[in-house]
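Notes for the one structure printed next.
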């Protein structure tokens with residue numbers, strides 16, 4: 001995919017005019033922004049197109065991801081016009097999904113922990129975080145486990161914890177998760193599809 005002679009002459013003339021005008025003291029910020037946008041359009045045209053899905057809600061809108069063939073990084077994400085549900089439309093969360101990719105240098109890539117009452121974040125490992133979650137669940141179960149109901153019958157019930165299911169799980173996965181939550185004694189179990 002190359003550039004046509006007409007496009008070459010247009011871009012060369014615009015750059016030449018921009019250089020000439022910038023020497024006169026004119027603000028060339030908008031021209032530079034326009035040129036950068038042209039560069040992005042050219043990169044998107046030559047990028048590898050990959051189809052994906054947005055997982056922020058149960059609608060599962062279609063995404064069209066453009067990946068730079070040289071770096072392998074995503075350079076653009078937009079709605080897939082051929083998707084039967086969303087037909088190219090995206091909500092604000094789906095449209096901002098590019099910010100969740102590796103392109104965002106501010107994206108968190110490690111677990112950060114701040115002690116209660118503390119003012120500094122400490123980097124921790126994922127194993128440490130999962131161990132802390134498991135300990136807190138066990139501690140809550142040990143403290144709030146109701147052993148007898150109002151009739152005096154022994155029950156397996158934890159009312160201090162709740163579980164919210166994902167809309168991306170199929171029936172079998174939902175059954176497994178619900179069975180595990182019930183085995184832990186959780187009674188407050190809900191699913192995003194109902195909400």
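Mind checking which residues of the stretch 75-102 are more than 13 Å from residue 54 (Cα to Cα), more than 13 Å from the chain's Cα centre (by Cα) and either modelled with pLDDT under 80 or surrounded by 13 or more Cβ atoms within 10 Å (Cβ to Cβ) (or both)?
Within the stretch 75-102, 75, 76 qualify.
Out of 61, 54, 65, I need the residue that is touching a strand residue (DSSP E or B) at 6+ places or on another chain (Cβ under 8 Å) and without any contact (Cβ under 8 Å) to a residue 24 or more places away in the chain. Which one?
The unique qualifying residue is 65.
Looking only at the stretch 146-155, which residues are surrounded by 10 or more Cβ atoms within 10 Å (Cβ to Cβ) and over 14 Å from residue 188 (Cβ atoms)?
148, 149, 155
The values are calculated or read from the model by the stated rules, or taken from the named source; none is laboratory data. Predicted model only: the values in this text are computed from it and were never measured. Glycine also receives a Cβ, built like all others from the backbone with ideal geometry; neighbour counts cover every protein chain displayed.
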